[in-house]
Amino acid sequence: MFLFLVAHAQSQTLESKDSLSLLQKIDRTFIDRDLSNYSLRVFTNYKAKVFKIKDDNSKSRYVPNNRYGIGLGFANSKMLIDLAFNIKSKKNNATRRFDLQGTTILGKHNYVNFYIQSYKGFLVKNDFGAPTVFSPDVKSLTIGFNYLYTLSEIEFSYALLKAGLAKKNKTVYFTGGLGTFAVFDYFSSDGNVIPESNYGFYNSQAQIKRYNSAAIGVLGGLLGVFILPKNIVLSCNVMPGIALMNKKVELQHDSYRPSNPMLYKFDFSLAVNYNIDRFYVNVSYGNGVYSTDLDFDNRYLFNLSNAKLAVGYRLKVKK
């Protein structure tokens, strides 16, 4: 009995230490106790998926309405949370949308960004003089991620840059690497995605009722941060990639799988941060361009873009 009680007591002590260790890890990872690192933010943003169907002579662009938003947020050295509200300036032709995009750095070598974009209702624009129309039944869904393993350690945090807390141990931070990406992409319409008034500008294989695809591929990337005079910090990322894509095109009375499996993409982002006293201003823009062949001289392209202007106010002056 005595031996059992001692063993039980030792077990409780080990469990207590493990619990304490877990709490300490959580505290170090998520809790910032320095009030001078905290800031409140107001911002305006732009998010959109725009896709195009084109041949050698004609191009149609599918552009969502309500691409702008305003919001509030807060930031510290551990996290940055922004909550945006979509501005619906066109109530009669509103695009129903969900758009989530995020970027994080895991450890010292792993750069990850991801996106989920669901839209219904697009303006259909063209380059051949036909009137612009709003198609409320055109739907689009895009889900994907980019993962980059850097060859050298990532010496900066994008959360700190956006929160106006960039460390300035040197004037240039630069790294690059290789990685992978995957994307699922879909669009459809109750009838044809091409408006009936535009049929004469395309062949019959461009009159698409539904398109879906899934791709996985490889990418390369360069990440850079530059500390400039006058408390200005500039960051720039470039990530081109190539993938194999499984595609299916459904027409009104037929379907086919395009023979060319290649998907090409080019992602880039640019951000500028300016600090003055207790305020900071952050301006960022990112765009991803994806392109693939649909056969019959038709091509499909889509852009995933976002931009943000944020103004932050620190709750306490750092001594």
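Computed over the stretch 97-218, the alpha-carbon pair-distance distribution with 10 angstrom bins reads 11, 28, 23, 18, 15, 4, 0, each value a whole percent.
For the stretch 210-319, the relative contact order comes to 21 percent (Cα pairs under 8 Å, sequence separation of at least 6). Put a dot 7 Å past the Cα of HIS109, heading toward its Cβ, do the same for ASN169, and the two dots end up 1.8 nm apart. Most tightly packed first, judged by the mean number of other beta-carbon atoms within 10 Å of their residues, the peptides 248-254, 230-236, 63-69 read 63-69, 230-236, 248-254. Here the label points at LYS125 and ASP137, each 7 Å from Cα along the C-beta direction, are separated by 2.5 nm in the simple model. Model label sites at PHE266 and ASP295, defined 7 Å from Cα along the beta-carbon direction, differ in position by 2.8 nm. Scaled to the globular estimate 2.2 N^0.38 Å, the Cα spread of the stretch 164-227, given as radius of gyration, is 2.06.
Determine the per residue accessible area of the stretch 177-266 with all protein chains present and a 1.4 angstrom probe, expressed in square angstrom. Intermediate values should be presented prior to the final figure.
Values: 4150 Å² over 90 residues.
Value returned for the stretch 177-266: 46 Å² of accessible area per residue.
Derived value for the stretch 202-261: Kirkwood hydrodynamic radius 15.2 Å. Basis is the mean of 1/r over every pair of different alpha-carbon atoms. Projected onto its three principal axes, the C-alpha set of the stretch 253-319 covers 68, 23, 16 Å, listed from the longest axis down. Taking the convex hull of the alpha carbon positions in the stretch 80-149 and averaging its projected area over all directions gives 7.2 nm². Per-atom-type breakdown for the stretch 89-242 gives carbon and sulfur 59% of the accessible area (1.4 Å probe, protein chains only).
The values are calculated or read from the model by the stated rules, or taken from the named source; none is laboratory data. Note that the structure is predicted; figures quoted are calculated from it, not measured. Quick reminder, even Gly has a Cβ in these numbers, built from the backbone with ideal geometry, and neighbours come from all protein chains shown. In case anyone asks, the SASA skips ligands and DNA or RNA and just uses the protein heavy atoms, side chains included. Shrake-Rupley method; radii C 1.70, N 1.55, O 1.52, S 1.80 Å.
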